[in-house]
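The structure under discussion appears below in the form of structure tokens.
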Amino acid sequence: MAKSLANFDAKLSSVYQSALESGELIFTASETVKSTETEYEVDCEICYAPALARKPQGVLPVVEADPNPKVTSAPTTSGDLHTAMPSTPVKKRIEKTNPFLPHSPALYVTDIGEEHKVLLNKFCIVPRHFLVVTKEFHPQTEPLSPQDMLAVWSCLNAVKDSRNALAFYNCGSRSGASQPHKHMQVIPLETPSPISILVRETSMRRPGKKENRPGDIISVPFNCINHVYLLPDPAQSDKDEEEILIEAYISLMDAMMTSIREYADQESLSDEEKSLCANGMSSFAYNWILTKEFMMIVPRKQASSDPVDGVSLDVNSLGFACMVLAKTPEVLTMVQKKGVINTVSETGFCFLREYYSPEKEQQRKEQQAILEKQMAGAFSGL
Ligand code: B4P
């Protein structure tokens with residue numbers, strides 16, 4: 001059974017506020033650029049945050065003892081990271097550190113059972129973005145355990161506007177993960193994420209198409225392999241939450257591996273791609289998304305989109321929530337030109353190797369409208 005987390009949302013807010021004020025947590029303000037590009041007219045979101053281009057990556061530089069480090073100004077709550085950087089060059093040694101073991105006490109929210117703790121994300125763009133981390137070290141390449149999923153599920157249910165919240169897991173090196181210690185992430189949102197809207201739209205009843213039911217697996221309109229399992233409401237189901245989550249995860253893993261085998265059977269595949277597909281589950285990279293309504297899996301071929309003039313987009317699970325992060329103006333422009341869905345899809349396994357073109361999209365929309373009209377006519381004649 002999932003743990004019920006009393007006062008979780010209030011605690012999350014108060015720890016967030018204190019960590020922000022003390023400078024332990026760095027919130028980066030960003031601009032959201034909308035991009036409407038699916039057949040359902042769902043807005044994808046490009047989150048433009050140039051200040052993050054200076055954020056230290058997974059392997060953190062450790063600054064060697066400098067008796068008088070000069071800092072241009074104190075860290076600000078606006079999250080402008082470079083204001084907190086030393087103004088003169090300092091001697092650095094690169095060392096792998098694990099930010100979750102030990103964790104910063106200022107970022108600690110609560111324990112969940114014996115195996116997990118909740119920490120605030122030190123570098124957030126969405127306020128109150130938090131991590132569900134294993135207390136002991138487990139690699140980020142491991143599949144999720146029932147306890148992992150239950151811990152995340154209890155958090156999803158405990159946050160305000162829980163139907164909008166989005167949980168994700170970047171599994172493996174090509175999935176966008178930068179920290180090797182097992183951690184799932186949760187973004188509390190006030191409004192539904194683009195992927196939630198897209199899944200609702202895709203599974204809805206339409207002329208000529210029956211409505212999808214809980215337990216069905218559908219795909220959303222990325223060009224790459226993706227599977228979405230529609231979760232039953234535990235209150236309406238004869239299964240408990242643990243059974244529901246395990247069944248969804250196993251079904252998605254099965255569907256993903258079947259699709260990868262079909263992909264590997266394509267004649268024109270390069271040896272490199274064939275060997276990627278031949279990797280066993282233990283080294284397979286994928287993104288996992290969970291909301292109260294669905295669970296989604298996307299296998300990953302590469303960590304970043306194909307470069308255009310040397311510019312590419314790093315993609316993590318949120319890319320498949322139609323939410324991408326552009327840290328430079330060049331990346332922003334490239335994604336706007338190519339489209340979020342096409343850019344993100346390049347990092348998955350694509351059966352169709354065509355690029356998006358506005359003409360093709362228009363043609364497809366017109367054909368769809370004709371078909372829907374015909375079907376509506378056929379239904380009204382019954
Ligand atoms: P990972 O699974 O390893 O990787 P990630 O989410 O892709 O974040 P990454 O670290 O690569 O950051 P990026 O610049 O791409 O997650 C590690 C997590 O640990 C991250 O959330 C990281 O911030 C956090 N962390 C690192 N050091 C920490 C510490 N000392 N204590 C606590 N937490 C620590 O992206 C920057 C941030 O923006 C990330 O949080 C990312 O999740 C988020 N983000 C990316 N795309 C986004 C989008 N479209 N909308 C909103 N947020 C987005």
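Output yes when any residue across the stretch 115-122 is within 15 Å of the ligand (Cβ to nearest atom), open to solvent by less than 50 Å² (accessible area, probe 1.4 Å), within 20 Å of the chain's Cα centre (by Cα) and at positive phi, and no when none is.
No, the conditions are met nowhere in the stretch 115-122.
Taking the criterion of being buried (at least 21 other Cβ atoms within 10 Å of the Cβ), of a type in the set (A, V, I, L, M, F, W, C) and either modelled with pLDDT under 95 or in contact with a helix residue (DSSP H, G or I) (Cβ under 6 Å, 6 or more places away or on another chain) (or both), would at least one residue in the stretch 201-221 satisfy it?
yes
What tally of residues in the stretch 319-347 results from selecting those that are within 24 Å of E273 (Cα to Cα) and within 9 Å of the ligand (Cβ to nearest atom)?
1
Considering only the stretch 27-42, how many residues are more than 21 Å from V159 (Cβ to Cβ) and part of a strand (DSSP E or B)?
Qualifying residue count for the region: 5.
Please give the strands (runs of 3 or more DSSP E) falling wholly within the stretch 90-208 in which 1 or more residues are among the polar types (S, T, N, Q) and farther than 26 Å from P221 by Cα.
Where strands (runs of 3 or more DSSP E) fall fully within the stretch 90-208 and carry at least 1 residues being among the polar types (S, T, N, Q) and farther than 26 Å from P221 by Cα, they are 108-112, 130-134.
Only one of T141, T191, T134 is open to solvent by less than 20 Å² (accessible area, probe 1.4 Å) and of a type outside the set (F, W, Y). Can you tell me which?
T134
Within the stretch 14-31, can you find the residues that are hydroxyl-bearing (S, T, Y) and within 10 Å of the ligand (Cβ to nearest atom)?
T28, S30
Spot the failing condition for L60; the list is (1) within 10 Å of the ligand (Cβ to nearest atom); (2) at pLDDT 90 or above; (3) open to solvent by 40 Å² or more (accessible area, probe 1.4 Å), and only one is missed.
The single condition L60 does not satisfy is (2).
Restricting attention to the stretch 120-137, report how many residues are touching a Phe, Trp or Tyr at 6+ places or on another chain (Cβ under 7 Å) and without any contact (Cβ under 8 Å) to a residue 60 or more places away in the chain.
Total satisfying the criteria: 1.
Restricted to the stretch 299-318, and to residues that are in a strand (DSSP E or B) and crowded, with 24+ Cβ neighbours inside 10 Å, which residue is nearest to the ligand (Cβ to nearest atom)?
R300
Filter the stretch 32-53 for residues that are more than 9 Å from the ligand (Cβ to nearest atom) and free of Cβ contacts under 8 Å to residues at least 60 places away in the same chain and give the result.
The answer is K34, T36, E41, A51.
The values are calculated or read from the model by the stated rules, or taken from the named source; none is laboratory data. Just so you know, these numbers come straight off a predicted model, no measurement behind them. Cβ atoms come from the backbone with ideal geometry, glycine included; neighbour counts cover every protein chain shown. When the accessible area is computed, the model is the full protein with side chains, heavy atoms only, and any ligands, DNA or RNA have been set aside. Shrake-Rupley method; radii C 1.70, N 1.55, O 1.52, S 1.80 Å.
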